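Contents: one structure, followed by commentary.
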Amino acid sequence: METTKCPTKIKKVHIGQAIKKELEYQRRSVVWLANEIGLTRRAIYDIFEKESLNSELIRLISNALGKNLFELYNIE
């Protein structure tokens, strides 16, 4: 069976920093986001440091912020 390479490239995104920027843009607090998704304030600060997150956590944060964070990975 022959495999072919996908000719497209998906952008590299530091999702934690993107979440932090969106939270600041919306003028929402870390405590607000923590309450919205059921995590601690410390856990949110830890998220800001992560380059990648699992898709379920991105989904939860996207819903809380009302923004599809998966769009950040659009193909270049």
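Those residues that are over 20 Å from Lys11 (Cβ atoms) and touching a Phe, Trp or Tyr at 6+ places or on another chain (Cβ under 9 Å), I need them from the range 27-75; list them, please.
Val30, Ala64
Would you confirm, using the coordinates I've provided, whether Glu51 is of a type in the set (Asp, Glu) and not in a loop (DSSP other than H, G, I, E, B)?
Criteria not met by Glu51.
Examine the range 3-11 for a residue that is at pLDDT 95 or above and assigned to a loop (DSSP other than H, G, I, E, B), and state whether such a residue exists.
Within the range 3-11, not a single residue is at pLDDT 95 or above and assigned to a loop (DSSP other than H, G, I, E, B).
I need the full set of residues from the range 45-76 which are of a type in the set (Val, Ile, Thr) and over 11 Å from the mean Cα position of the chain (by Cα), in order please.
Once the filter is applied, which keeps residues that are of a type in the set (Val, Ile, Thr) and over 11 Å from the mean Cα position of the chain (by Cα), the range 45-76 yields only Ile75.
Across the range 19-39, which residue is surrounded by the most Cβ atoms within 10 Å (Cβ to Cβ) among those that are of a type in the set (Lys, Arg) and part of a helix (DSSP H, G or I)?
Checking each candidate, the answer is Lys20.
The values are calculated or read from the model by the stated rules, or taken from the named source; none is laboratory data. It should be emphasised that the depicted structure is a prediction, and the values quoted were computed from it without experimental measurement. Backbone-built Cβ (ideal geometry, glycine too); neighbour counts: all protein chains shown.
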